[in-house]
Amino acid sequence: MSDDVTRHHHDHDRRPGPGPGISRRRLLGTAGTAGAAGLMAGAVAGGAATHATTGHPTPVTSVGATAVPFHGAHQAGIITPLRAQAIGHLAAFDLASGTGRKEAAALLRRWSAAAEAMTQGRAPAGDDQIALDAGPCSLTVTFGFGRTFFSRTGLAHRAPAALVPVPRFPSDAIDPKRSDGDLWIQVGADDPLVGFHALHVLQKAAAGTAEVRWQMSGFNRAPGATARPKTVRNLMGQIDGTGNPEPTGKDFARTIFTRRGGPADQAWMNGGSYAVVRRIRMLLGPWADLTRTQQEEVIGRRKDTGAPLSAPAGASETTPMELNRFTRGGSLAIPADAHIRVAAPESNDGAAMLRRGFSYHDGYRADGTPDAGLLFITWQADPEAFIKVQTKLDGADHLTRFIRHESSAVFAVPGGAAPGEYVGQRLLEG
């Protein structure tokens, strides 16, 4: 993995003392405010359970100054930064009528140039500079292609065989208007203004070539919100993200990224991945009606520590679960329909994926219940891994009674661009 984190400091942040040019972030840091550095690896809501390498907080100024390289073997935003950022924006676009391969290539060139600048804290061409003094704030921008993109650009012969639609499951409540799309952008950042600004710049750059089909925004715990990085809780109050593949694992790259050696017309996907995106609304009212014990049995983990129900007292979320352990009363310690049992690789022929998402809250529904839940994003070398697990979850997971899958999409995310290239160039100009 070549995505080492770099740092970028604005000239005004290097001034010796407060003055007219000092940034708000510098002032906060000078006042003694501290937070977790963007380099610290923490697990995320619905997402990466990569654990912290250090527990020492650093000044808030370092959060704003942290930059993630745009270029590399893989696109940023999949495994870099190691923890998902504090805010995220997902947007799908449909190509405008009459748009072909040439126009799509020009759009990806504009998008890549703007993303490269913004991720390093620089203003892109034509920028209004509304976020210029904030620093890069671990900004990442990730691009993907939907199935329909290939036929609309005359590239159907180069569409990956693995890019298949996720089937509609019996418990789904999918809204087609908030699903699929020709192109996809994922924006992540540790500052809301930086994230919005990046999305807005990219949307403006698409004018005349592609139109927004749907857009969703979410959040995670802010850096510095805890004394040390921790796996965060989802909106159900459960520690969420435990058991993700670890970057140090021997099968990590094979699980997440496509490999070389396939057909020549698929070489543009070398080092790429597939993103499955699901908007999952949580039925927080019925969930809150359960007792704590009932909630723990639905998930299979203790609510306070995240330890599996098969573990002894004093265990943590990282304690391995024992699927064959029984209670003194003779019942399974982890119930047969508990979420972690049904979703476990051991229950799905080894199928695994990297979960890396954002919680969301879009106000209140007509009945007064929160329109809130999880923007669920999984990364895998083949979408079949997700389909296999979700097929089993839909029929056997107790948690299904308390959630609704309301949108669905899958995108082919090519490998990272080399310096001087734009994302997708090997597809569009190959």
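The values are calculated or read from the model by the stated rules, or taken from the named source; none is laboratory data. This is a predicted model, so every value here is computed, not measured. Here the Cβ is made from the backbone with ideal geometry for all residues, glycine too, and neighbour counts use every protein chain on show. For the accessible areas, the whole protein counts, side chains as well, though only heavy atoms, and no ligand, DNA or RNA atoms are used. Shrake-Rupley method; radii C 1.70, N 1.55, O 1.52, S 1.80 Å.
Key figures for this structure:
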item: Pair list, Cβ under 8 Å, 6 or more apart: the stretch 416-430 residue open to solvent by 40 Å² or more (accessible area, probe 1.4 Å), other residue among the small types (Gly, Ala, Ser) and at pLDDT below 95; result: ARG426/ALA267; GLY430/ALA267
item: So ALA91, is it open to solvent by 10 Å² or more (accessible area, probe 1.4 Å), under 16 Å from GLN203 (Cβ atoms) and either outside any strand (DSSP E or B) or modelled with pLDDT of 95 or more (or both); result: no
item: Breaking point among (1) in contact (Cβ under 8 Å) with a residue 12 or more places away in the chain; (2) in a loop (DSSP other than H, G, I, E, B); (3) surrounded by fewer than 24 Cβ atoms within 10 Å (Cβ to Cβ), for ASP133; result: (2)
item: Pair list, Cβ < 6 Å and 6+ apart or interchain, from the stretch 349-362 residues that are at negative phi and open to solvent by 20 Å² or more (accessible area, probe 1.4 Å) to residues that are not hydrophobic (A, V, I, L, M, F, W, C) and not in a loop (DSSP other than H, G, I, E, B); result: ALA352/THR255; ALA352/PRO345; MET353/THR378; MET353/GLN380; ARG355/THR378; ASP362/ASP371
item: Test: residue in the stretch 176-196 that is assigned to a helix (DSSP H, G or I), buried (at least 17 other Cβ atoms within 10 Å of the Cβ) and touching a helix residue (DSSP H, G or I) at 6+ places or on another chain (Cβ under 9 Å); result: yes
item: Condition broken by GLY373, with the remaining ones in (1) surrounded by 23 or more Cβ atoms within 10 Å (Cβ to Cβ); (2) outside any strand (DSSP E or B) satisfied; result: (2)
item: Members of the stretch 337-346 that are more than 22 Å from the chain's Cα centre (by Cα) and either over 19 Å from GLN238 (Cβ atoms) or open to solvent by less than 20 Å² (accessible area, probe 1.4 Å) (or both); result: ALA338, VAL342, GLU346
item: Subset of the stretch 380-392 that is open to solvent by 20 Å² or more (accessible area, probe 1.4 Å) and touching a helix residue (DSSP H, G or I) at 6+ places or on another chain (Cβ under 7 Å) - its residue that is nearest to GLN75 (Cα to Cα); result: ALA381
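Residues are listed down the side, and each one gets a yes or a no for (1) open to solvent by less than 70 Å² (accessible area, probe 1.4 Å); (2) of a type outside the set (Gly, Ala, Ser); (3) out of contact with any helix residue (DSSP H, G or I) (no Cβ under 6 Å at 6 or more places or on another chain):
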| residue | (1), (2), (3) |
| --- | --- |
| LEU290 | yes, yes, yes |
| GLU296 | yes, yes, yes |
| GLY300 | yes, no, no |
| ALA315 | yes, no, yes |
| PRO320 | no, yes, yes |
| PHE326 | no, yes, yes |
